[in-house]
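K.L.:
Attaching a single structure in structure tokens format; questions to follow.
Please treat every number below as a calculation from the coordinates, not as lab data. It should be emphasised that the depicted structure is a prediction, and the values quoted were computed from it without experimental measurement. Ideal geometry is used to build each Cβ from the backbone, glycine not excepted, and the neighbour counts take in all protein chains shown.
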Amino acid sequence: MAYKQLTLEQAATLINCSPKHLREQATQGDAPCLRQGDKLLFDQEAIMNWWSLHILNRKTALQKEQLQPPLSPVLPSALCAPDRIDTALRGKSKAAILKSLTALAESTGLLYSVSEFHDSLRSREEQASTALPGGVALVHPQSRDEFLFEESFICLAKARNPVFFGEANGLPSDIFFLLACKDDIHLQVLAALSSLLITTGLIQNLRCAETPTEMLAALEAAESAASSARAGQRK
């Protein structure tokens, strides 16, 4: 899929960021862009991957005052199901975990090309690890090509044994979310899950869950708790 070039305003709308902040990041050399005189242009895939890194790293780009209100909240649990959850994922290395996650994704019947999907996951990890503090990783493909998977979905897995997956402090990971989301919701879902991991007890509840149904229920409970907290803040 050929990704198009976007104007400053189009790129800011895509990543749910203020044009002013995006211009500042581009001027400082942080955000990837092309310059045509005084005009800034952004490659769609490059800017989405850059913003994904900011979401995962919780950098200044995610400070509350710099974000616009979400356009249409997406519940991660709506993209998951018990048959997309593995409570004993096999793998003793990062490479093995990626293969097992690819197999789990294949079981959904939504992949157009298993090998290309796996290659895209590996390419994303080569760019920067999706492992976060707390032993969890938000794995997702480098590209969201329309011919990579049929529709958006999420797989969830708990590894049999913690694996070193590239977390910044060198700690192992045992909870893996696999996000296969189309461009229109990818950043929203990534941000939503990142927030749930920080503001709720989701990680520990997933570790305590023994069945796929219990793991999905833990995710739904975290979403409900986060929604209630937001409602309380608005009062």
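K.L.:
Which value in deg cm²/dmol, rounded to the nearest 500, describes the helix-derived mean residue ellipticity at 222 nm for the chain, given -39,500 (n - 2.57) per DSSP H run of n ≥ 4 and division by the residue count? Let's see the in-between values first.
P.N.:
Numbers: 8 runs with 101 residues, N = 235.
Here the helix-only value at 222 nm equals -13500 deg cm²/dmol.
K.L.:
How far is helix 212-234 tilted off the main Cα axis of the chain, in degrees rounded to 10, range 0 to 90?
P.N.:
Relative to the chain, helix 212-234 is tipped by roughly 40 degrees.
K.L.:
In nm, to one decimal, how far is the K99 label point from the S195 one, both placed 7 Å along Cα→Cβ?
P.N.:
Roughly 3.8 nm, to one decimal.
K.L.:
Let me ask something else. Among A88, A222, A131, which one moves the most in a GNM of the chain with springs linking Cα atoms closer than 10 Å?
P.N.:
A88
K.L.:
What is the helix-to-structure angle for 114-127, meaning the angle in degrees between its Cα long axis and the longest Cα principal axis of the chain, kept from 0 to 90 and rounded to the nearest 10?
P.N.:
The angle comes out at about 60 degrees.
K.L.:
Exposed loop sites here are chymotrypsin sites (Phe, Trp or Tyr not before Pro) in DSSP loop states with at most 16 other C-beta atoms within 10 Å. What is the longest stretch of the chain lacking them?
P.N.:
Working: sites that count: Y3, Y112, F147, F164.
Longest stretch, sites excluded: 4-111.
K.L.:
I would also like to ask the following. Between A81 and T7, what is the label-to-label distance in nm when each label sits 7 Å out along the Cα-to-Cβ direction?
P.N.:
The answer from the label model is 4.2 nm.
K.L.:
Continuing with this model, one more query. Which whole-number percentage describes the relative contact order of the chain, with Cα contacts under 8 Å and a sequence gap of 6 or more? Numbers along the way, then the final one.
P.N.:
Values: 364 pairs, mean separation 44.3, N = 235.
It rounds to 19 percent for the chain.
K.L.:
Right, another one. List residues of region 83-115, by number, whose backbone nitrogen lies under 20 Å from a label position 7 Å along Cα→C-beta of E151.
P.N.:
Taking a point 7 Å out along Cα→Cβ of E151, the residues of region 83-115 whose backbone N falls under 20 Å are 83-85, 104-114.
K.L.:
Another question, if that's okay. Quick one: plug the Kirkwood hydrodynamic radius of region 105-201 (C-alpha pairs) into Stokes-Einstein at 25 °C, 0.890 mPa s, and report D in µm²/s. The partial results should precede the final answer.
P.N.:
Values: Rh = 13.9 Å.
The calculation lands on 177 µm²/s.
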